[in-house]
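Below is one structure, written out as structure tokens; the observations come after it.
The values are calculated or read from the model by the stated rules, or taken from the named source; none is laboratory data. Computed from a predicted model, the values in this text were never measured in an experiment. FYI the Cβ positions are ideal-geometry reconstructions off the backbone, even for glycines, and counts take in every protein chain you see. Surface accessibility is based on the protein's heavy atoms, side chains included, excluding ligands, DNA and RNA. Shrake-Rupley method; radii C 1.70, N 1.55, O 1.52, S 1.80 Å.
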Amino acid sequence: MSAQQMADAYLSGTALDLPDGHFINGRFVAGQGDRMESVDPGLGEAFASFALGGAAEIDAALDSSRKAFEMWRLVKPSDRTAILLRCANAIRANADRLALVEAIDSGKTLAEAQGDVASSARLFEYYAGAADKLDGRSVDLGPDYTAFTRREPVGVTAHIIPWNYPTSTFARGVAPALAAGCTVVAKPAETTPFTALLLAEILTEAGVPEGVINVVTGLGRDAGAALVSDPRVNHITFTGSVATGVAVTQAAAPNVTRLTLELGGKSPLVAFADADLEAVADGATWAIFSNAGQICSAGSRLIVERGLRDDLLDRLKEKAQAITFGHGLRNPDMGAINSDLHLGRVAAHVDAARARGCKIVTGGNVATDPESGKGWFFEPTIIADLSADDPAVQDEIFGPVLSVQVFDTEDEAIRLANGTAFGLMASVYTPDLGRAMRLTQALDSGQVTVNDYWAGGVELPFGGNHKSGYGREKGLEGLEAYTTTKSITIKNASR
Ligand code: NAD
């Protein structure tokens, strides 16, 4: 059955075949404690339940991961390459099922879920190619010594996964960790537990040895907190909110555990008056409304030169109002908000902006799936002419809400663009190459794109500055978190 046929079957009431329990030491282990319902955000109705793990399951997973590390770290790099390539192929072979479950669990559209699964396969393929190229270097200390470095795996790695890109965030951390010779304990978000479990099984069947990948489902404050505070963990990769990132950092500090933090942003798209109106309107639309705005690097702030403001706002309003939204499996332009809790947060941000007298150009309301009248949706929303200190400019809303600011000079554009606590991504639209290059240097963020908001790929490092976090994922830089450099010196025998 194709993904769409499986989607149609689910929508007409066929139950999903889902994994159950935690994945520890190469097999599913039944949960002992409470369970939690998984809710389809496109319907606002439970479709399954999963086990809530805690300290005992984390203990078992870490035990398994630590034992497996002693074996996996010694596997020949070229053999790790072969296994990771098989993983990429296995993800592709299971793409329809993964995308279906991802779309139902997260609320995103089937097309978005398919893209997410495809990029997950690419991540395994990319890091397969890197596993056998983790070379050290020789260092010249003069005639008395021979010196060289080795890149060694850091050990057991913890992966705390968010709900907005459950499959690709798992792959983004797990693929380089395995390539480097590390083992894994992953804790998916409580609203999206299933694709991590599916992936653990698929990757193990593809040849990843038992114990190398473990997944414990559960609440952040139980399973998550037990994992990040455990001294057996050598590196934590965390993706989520700033507040939880700070809590994870504090929990890791007593053990001096290494961290990669990817904490979100409030990324600007700077549009100069000489830019191509249609290209900016298209770029700005998908920068904020893709995945219903639930993207850490979403272009949530449009900073537009005054001469372009009126025409651009007219085009953006038309485009926003033309966006179809609804249950992700019917493949509209935009899917659901991941949980009713998060929908409430998005709505509260917009209600507060309305109460402050901000200009809501379009949208601004909670909505439902047009076909069923159910589910958790928010209209594509544009809030215009905001001051630099407005909360709609400063706070990460993490929903389909675009904040618009106007500028008159290049210096002002840079000041506004850099004027938040974050620094994940930025984009510039102008045909003036000199100006574009000046901005690529002046914008304070981990990534800058010119004349195309979503330019990039698994090959390009990704990560932020300031409250967007630290460390880089993807690209060859993504391996650095999972390796440590050992320097070796040998005294040369004298003649
Ligand atoms: P969160 O940061 O609380 O959750 C992210 C992950 O951390 C989940 O797996 C959760 O179980 C886990 N977690 C929570 N508390 C933990 C703890 N004490 N120790 C270890 N792990 C813990 O995010 P949320 O509450 O689901 O969403 C809130 C906000 O986070 C959103 O509004 C958005 O701004 C932001 N967010 C950002 C991203 C991103 O990609 N950067 C992703 C999701 C959410």
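Suppose we keep only residues that are more than 10 Å from the ligand (Cβ to nearest atom) and assigned to a helix (DSSP H, G or I) within region 250-278. Which one would you say is most open to solvent (accessible area, probe 1.4 Å)? I'd like the intermediate steps shown before the answer.
Of region 250-278, the ones more than 10 Å from the ligand (Cβ to nearest atom) are 253-260, 267-278.
Okay, now just the ones that are also assigned to a helix (DSSP H, G or I), so 253-255, 277-278.
On the way: A253: 62, P254: 104, N255: 55, L277: 52, E278: 81 Å².
Per the stated criteria, the residue is P254.
Restricting to region 450-482, name every residue that is β-branched (V, I, T) and surrounded by fewer than 21 Cβ atoms within 10 Å (Cβ to Cβ).
V450 - this is the single residue of region 450-482 that is β-branched (V, I, T) and surrounded by fewer than 21 Cβ atoms within 10 Å (Cβ to Cβ).
Quickly run through region 415-449 and pick out the residues that are open to solvent by 30 Å² or more (accessible area, probe 1.4 Å), among the aliphatic types (A, V, I, L, M) and under 18 Å from A275 (Cα atoms).
L433, M437, V448
Looking at region 279-302, which of its residues are open to solvent by less than 10 Å² (accessible area, probe 1.4 Å) and aliphatic (A, V, I, L, M)?
Within region 279-302, V280, A281, A284, A287, I288, A292, A298, L302 meet the criteria.
Would you please list the contacts, defined by Cβ atoms under 6 Å and residues six or more apart or on different chains, that run from a residue in region 144-167 that is of a type in the set (S, T, N, Q) to a residue that is in a strand (DSSP E or B)?
Note: pairs meeting the criteria are T146/I490; T149/T485; T149/S487; T157/V184; T157/H235.
Which of the residues spanning region 313-370 are over 18 Å from I383 (Cβ atoms) and touching a Gly at 6+ places or on another chain (Cβ under 6 Å)?
Hits for region 313-370 are H327, G328, P332, G335, A336, N338, T368, D369, P370.
Cβ-Cβ below 7 Å, separation at least six or inter-chain, first residue in region 9-37 and without any contact (Cβ under 8 Å) to a residue 40 or more places away in the chain, second among the hydroxyl-bearing types (S, T, Y) and assigned to a strand (DSSP E or B): which pairs?
Matching pairs, first to second residue: R35/S49; E37/S49.
Just one of the numbered conditions (1) among the hydrophobic types (A, V, I, L, M, F, W, C); (2) out of contact with any strand residue (DSSP E or B) (no Cβ under 9 Å at 6 or more places or on another chain); (3) free of Cβ contacts under 8 Å to residues at least 24 places away in the same chain is not true of V450; which one?
(2)
Which residues, taken from region 223-243, are under 20 Å from V184 (Cβ atoms) and near the ligand (Cβ under 9 Å from one of its atoms)?
Across region 223-243, the qualifying residues are A223, G224, A225, A226, L227, V228, S229, I236, F238, T239, G240.
Kindly indicate the residue of region 12-33 that is in a strand (DSSP E or B) and out of contact with any helix residue (DSSP H, G or I) (no Cβ under 6 Å at 6 or more places or on another chain) and also most open to solvent (accessible area, probe 1.4 Å) among those meeting that condition.
The qualifying residue most open to solvent (accessible area, probe 1.4 Å) is R27.
For A287, are the conditions met, namely being under 22 Å from N465 (Cβ atoms) and within 16 Å of the ligand (Cβ to nearest atom)?
yes
Which condition number does T204 fail, the rest of (1) more than 8 Å from the ligand (Cβ to nearest atom); (2) touching a Ser or Thr at 6+ places or on another chain (Cβ under 8 Å); (3) not hydrophobic (A, V, I, L, M, F, W, C) being met?
For T204, the exception is condition (2).
Let me spell it out: the conditions are (1) open to solvent by less than 10 Å² (accessible area, probe 1.4 Å); (2) within 30 Å of G399 (Cα to Cα), and L219 meets all of them except one. Which number is the exception?
Every condition holds for L219 apart from (1).
Just give me the residues in region 144-169 being part of a strand (DSSP E or B) and more than 20 Å from V458 (Cα to Cα), in sequence order.
If the condition is that a residue be part of a strand (DSSP E or B) and more than 20 Å from V458 (Cα to Cα), then Y145, T146, A147, F148, T149, R150, R151, E152, P153, V156, T157, A158 are the ones that fit.
Taking only pairs six or more apart or across chains, which ones have beta-carbon atoms under 9 Å, a first residue in region 55-75 that is assigned by TED's automatic domain parsing to the domain that holds P209, and a second residue that is among the aromatic types (F, W, Y) and open to solvent by less than 10 Å² (accessible area, probe 1.4 Å)?
A61/F23
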